[in-house]
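Notes follow the structure.
The values are calculated or read from the model by the stated rules, or taken from the named source; none is laboratory data. Remember, predicted model here, so these are calculated numbers, not experimental data. Glycine gets a Cβ as well: all are built from the backbone with ideal geometry, and neighbour counts include every protein chain shown.
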Amino acid sequence: MKEIERKFLVKDLDFLKNAENTYSIKQAYLQQDPAKSVRVRIKGEEAFLTIKGISDARGLVRQEWEYPIPLRDARALMELCDDKIEKTRNVITYGKHLFEVDVFHGRNNGLVIAELELQTENELIERPEWLGMEITGRTEYYNLALLDRPFQDW
């Protein structure tokens, strides 16, 4: 399956007043290759195994497969991993798009990233006031990169 995704920094916490859903995410990587990854994620009380392929030159499009797995299996798989990303995800509808705004915790505390998935590569989006600089394709903001070089070390 092809994923088309744009990412942005968030200027302030004004988005919180429009959050329709909020849940915690904990994820770890079973394969730590910057070009492709295999991740286990616990999102609330659900768990998933996700495989992501190499991104295009812009960092906009890549292959992605995601499969639900039992929560107990996800917890066991996480035990195999040294480091984990922890964040709170806020889901916000703005215009015709669904923004997922992640507030990072732990060694990435202070980092807030909004992402949205698109149907086409050239799709226009409405930008909420709280949306900041676009970081699509900036590898230092990839979750996997944040394990090696956390935001608090920048």
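Pairs meeting the criteria (first residue in segment 103-117 and part of a helix (DSSP H, G or I), second residue of a type in the set (Phe, Trp, Tyr), beta carbons under 8 Å, at least 6 apart or on different chains) are ARG107/PHE151; ASN108/PHE151.
Residues are listed down the side, and each one gets a yes or a no for (1) touching a helix residue (DSSP H, G or I) at 6+ places or on another chain (Cβ under 8 Å); (2) among the small types (Gly, Ala, Ser):
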residue	(1), (2)
GLU46	yes, no
THR50	no, no
TRP65	no, no
ARG75	no, no
ASP82	no, no
ASN90	yes, no
VAL101	yes, no
GLY106	no, yes
LEU116	no, no
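Annotation note: Cβ proximity below 8 Å between a residue of segment 51-73 that is farther than 18 Å from PHE8 by Cα and without any contact (Cβ under 8 Å) to a residue 40 or more places away in the chain and a residue that is among the acidic types (Asp, Glu) and exposed (fewer than 12 other Cβ atoms within 10 Å of the Cβ) (sequence gap 6+ or interchain) occurs for LEU71/GLU45.
This table checks each residue for (1) part of a strand (DSSP E or B); (2) modelled with pLDDT of 95 or more; (3) over 17 Å from the mean Cα position of the chain (by Cα).
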{"position": "ILE4", "(1), (2), (3)": "yes, no, no"}
{"position": "ILE25", "(1), (2), (3)": "yes, yes, no"}
{"position": "ILE51", "(1), (2), (3)": "yes, no, no"}
{"position": "SER55", "(1), (2), (3)": "no, no, no"}
{"position": "ASP73", "(1), (2), (3)": "no, yes, yes"}
{"position": "ALA76", "(1), (2), (3)": "no, yes, yes"}
{"position": "THR88", "(1), (2), (3)": "yes, yes, no"}
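If I filter segment 140-151 for residues that are over 13 Å from the mean Cα position of the chain (by Cα), at pLDDT 95 or above and either on the phi > 0 side of the Ramachandran plot or surrounded by 14 or more Cβ atoms within 10 Å (Cβ to Cβ) (or both), do I get at least one hit? The answer is yes, given that some residue of segment 140-151 is over 13 Å from the mean Cα position of the chain (by Cα), at pLDDT 95 or above and either on the phi > 0 side of the Ramachandran plot or surrounded by 14 or more Cβ atoms within 10 Å (Cβ to Cβ) (or both).
Of all the listed residues (LYS84, LYS7, LYS26), the sole one being closer than 30 Å to LEU124 by Cα, surrounded by 14 or more Cβ atoms within 10 Å (Cβ to Cβ) and either out of contact with any strand residue (DSSP E or B) (no Cβ under 9 Å at 6 or more places or on another chain) or among the charged types (D, E, K, R) (or both) is LYS7.
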